[in-house]
Each structure stands twice: as C-alpha cells, then as structure tokens.
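One structure is given here, and the rest of the page talks about it.
The values are calculated or read from the model by the stated rules, or taken from the named source; none is laboratory data. All figures in this text were calculated on a predicted structure; none of them were measured in a lab. All Cβ positions, even for glycine, are placed from backbone atoms using ideal geometry, and neighbour counts span all protein chains on display.
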Amino acid sequence: MENTCNCGFYPTIVVPGIGNCKAFEVDENGNRLRSAWPPDIDPAAMKKLKNALIFPAIRMFVLRHDLGFTKKTGQALAEALDALVSNPDGQYKHNIQVEKYDDSLAKCSEKDRGFIYRMLPLKPLGLEIGEDHLFYFAFTPIGNTLDSVERLRAFIQMVKEKTGHTKVNLAAVSLGATITTAYLDTYVSDGDINRVVGVVPAFDGSMTVSDIMKGNIVYDDYETLFVELMGKKNAAKVIKVTKLLPKKVLRKFIQTVVETIVNTVIVNSSTMGGLVPAHEYEQLSKKLIGDPAHAKLKEETDRWWRARADFPALIAKARKSGTEVFSLCGYNVQLFKIVTSDKVSSDMVVHSASESMHAHFAPLGETFGADYKQQNTNCKNTAHNHINPQNDVDASVGAIPDTTWYWRNSEHEQTAENMQMLDLMKFLLKNDQIKDVFQDPAYPQFNEFVREKK
Ligand SMILES: [Zn+2]
Ligand SMILES: [Zn+2]
C-alpha cells in the first residue's frame, strides 16, 4: 500500500481507559439485553438480592452474628454482576458486545462524537490533524486481551484504508496501555505503528488492582472502594445495606464484597490479569489461576506478563519495526487510600513505575540521598541528566529514558486539566517534530502539575 494522503500528519487511534467504553449483553440476534459495562445492577437483580437476604438478615440482626449472612450476600452480588462474569478459560459467560466506533470522529454520529469528547479531551488534537484522522478504539475493559488485540489489529487496517496512510499513531490512555503492550508484543512487526504515546499509561498494570486482588485493602475507606469497584450508582445501593450492619459483621461484609468481585469478575479476565504488575504476577497468578481449569487463561496472561517484565526487549522489538514509544506520567501522589501500598509514588490510580516502564522512584516523602548516582540502566549517554530536581526519580532506569516526561503531583483523574501534558500529547501525535525530552525547552523531562485557576 502507498501513502495516498499527503497531509503531513499521522492518523491517531485512541486506545482509551477503563471508564471510557460501553459494553452490552446481546441475544443471538444482536439485540441488547442489559449493560455489562459500566456495571449495572438492574432492579430485578437488586430485588432478588434483597429477597435472598431477608431471612439471613433477620437472623443476623436479631442475634448480632453473621450466621451465613455475608455468604448469602456474596452469592446474591455475584448473580447481580453476572453480565460481567467470564469463565475460567477467560471468555465471557454471556454474549458481550462493546459499543464500537468504526469511523473517524468526523464521520461518526453526533451522539458518539459527543460521548468520545466527554470521555477524553481530544478536541485540540482533532483540530490539528483533522477529525477525519482521529479514531477511537473501544474494547471491553473487563474482557479478553487477545480478542481486543486482534480487533485492534483489524481496526488499524481499517484506519489505514480510510485515511490513505501506511502508518498510524496510537494514543494509549491508562488501561489502554495494557492492550497496547500486548499489541506491540504480538503485532508490532506488522510495521503499522509510527508512534505510541502513553498518557498516564498502565504499561505495567496498577498496584491498586494487585492490592485489591491480594485483599490488601483499607477497611475504613470502604465506601470509596465500593464506588471504584462497581460504580457510584451500584455502590450507593450496597452501602445502604452496610449502614444497618453490626460492626463485627461489617468487616466480613466488606471482605465478602471484594472477594466476590475479584473471584467472579476480575480473576477470569485476561485484561484484568494484565493489570497485575510484573513483580507481583508470579505469586498472585499461581494463587488465583494456578489450577488446571484456568490453564488456557494463564497461558495468555503469562505471555503479557513476560512482555511487561522486560520492557527494554519490547522497546527494541518496536524500534526494529520503526515504532517509537513515548510516555507521559504523573508521580509523587499516594496511591488510592483504599489500598495499603501507601509509600509508592503514583498518580493515585497507577503507580509511576508502571507509567514510566520501570523508572526508579524513592518511596513517597523520601529522596535518594546525596550519594545517589544515576544508574544509566537504559541510557548510555553520560551527558544526560535523568534525575529530577527533588532527587526522587531516576528516569534512566526506565525503558525509554529519553522519551518519558514526568509531572509531579499530577493525579490520574485530573489529566484533563493538565494542559501542558495534553499539549505535549497533541504535538507528539501530530508529527515527528518533538523527538525527545531534550529538544523543546517548553517540555522538559520533569514538570510540576499546576492546576489552572478558573
Ligand atoms: Zn492524512
Ligand atoms: Zn538519556
């Protein structure tokens, strides 16, 4: 295929984050039955949940002991979240379809365009490269990574044909980076990708997720935890129940809710498995999916784990195929207070070592100390300084030291307000002008996030 569009830009495909896609259960004719993502405990299931709980609840309230109440809760909750459940082989239990956007932002419906721009601040990029060069790849967040990767590969071909370009850029946002990592591992040698720009990317998962999977949760902040696990609306329903519980039952109830969601929804999804950081994967996967029933799933998640464990090898493979990788990270914020890893530098949702492909960070509130020497693990140019002014980040240890930018105190959920980061994202995706952190004084490697006054 030849490049038939001479606009001078690259088409961009956005691979979005966990909250940025919609999925539905459909019947054999493709009719939508119910929402699978975002999760929706429908009124009928809620009624069933309440009915199932009446007798155990009465016994529990009278006798002030659990007496099977939390067990019943777990069963009822699992049933209520049924649309999201995958089987041990890593495939959905039901027929789940993601809402797709198979055309550019210029050509998709007003409603879809509105949805996409509400999800991510992409308008400035659309204005630069043209909305006919901007595409949105939707996938099921609690789903199967290999399926998403195959669909992404086909999507890339579609974009090439529609735009007349031989290569595209990928913007990997948050969870979208786990799909992108798996894509690079599998298909980067197709030679279809010019640049990957990670935006607060979970390249190596999130310790928030592994902590939740390990049960390392902070019980005091369980309301926030529930909101994160099942969305505001559903959480409100479940929190209502907790207000009636005796104290000694409450802790067990929280534990049951978390375990139920982990065991029914998270464990059997290879995309969620991709959120377990490489350094924790071996132990956790052995515990959760080490049995014969999960063998096929584990074979897949093992593969993505090996890719995440050795980013320098993945980057070398990408470069060989003409693909450059960039990352825009937040750091110096405590992980979500719902989990126990509280000394880890993060953007609150994703730990910064993941976003930076394994750069080195001092524990929160500490520095490396005066004697620390830059390690130059992945940057051999001794003239480069990759240590930040505060002496708590050594970017030279990350897999892409010369193309990773850092924002101190930038929170994941505030990314839409980080104008400097978004501007840089736009320039990196627009053309190949900015090549590394040393080139443009407006975008040095280390930055401070300052919220604009409204
Ligand atoms: Zn073009
Ligand atoms: Zn360097």
- Message: Tell me yes or no: at least one residue of segment 420-438 is in contact (Cβ under 8 Å) with a residue 40 or more places away in the chain, surrounded by fewer than 24 Cβ atoms within 10 Å (Cβ to Cβ) and in contact with a His (Cβ under 8 Å, 6 or more places away or on another chain).
- Response: yes
- Per the filter on segment 130-171, residues over 18 Å from the mean Cα position of the chain (by Cα) and of a type in the set (K, R) are R153, K160, K162, K167
- Message: Is it the case, given these coordinates, that Q374 is at pLDDT below 95 and surrounded by 18 or more Cβ atoms within 10 Å (Cβ to Cβ)?
- Response: no
- Task: Return yes or no: is K337 part of a helix (DSSP H, G or I) and at negative phi?
- Result: no
- Do the conditions hold for K214, that is, is it of a type outside the set (S, T, N, Q), free of Cβ contacts under 8 Å to residues at least 60 places away in the same chain and out of contact with any Pro (no Cβ under 6 Å at 6 or more places or on another chain)? no
- Message: Which count do you get for residues in segment 378-416 that are within 16 Å of ligand 2 (Cβ to nearest atom), outside any strand (DSSP E or B), in contact (Cβ under 8 Å) with a residue 12 or more places away in the chain and hydrophobic (A, V, I, L, M, F, W, C)?
- Response: 5
- Could you say whether any residue in segment 361-377 is among the charged types (D, E, K, R) and in contact (Cβ under 8 Å) with a residue 60 or more places away in the chain? no
- Note on the structure: Scanning segment 162-196 residue by residue, the ones that are away from ligand 1 (no atom under 16 Å from the Cβ), assigned to a loop (DSSP other than H, G, I, E, B) and under 19 Å from Y10 (Cα atoms) total 1
- Task: Could you grab me the full set of residues in segment 124-141 that are more than 16 Å from ligand 1 (Cβ to nearest atom), assigned to a helix (DSSP H, G or I) and among the small types (G, A, S)?
- Result: none
- Residue list for segment 160-183, restricted to those being surrounded by fewer than 24 Cβ atoms within 10 Å (Cβ to Cβ) and touching a strand residue (DSSP E or B) at 6+ places or on another chain (Cβ under 8 Å): K160, K167, V168
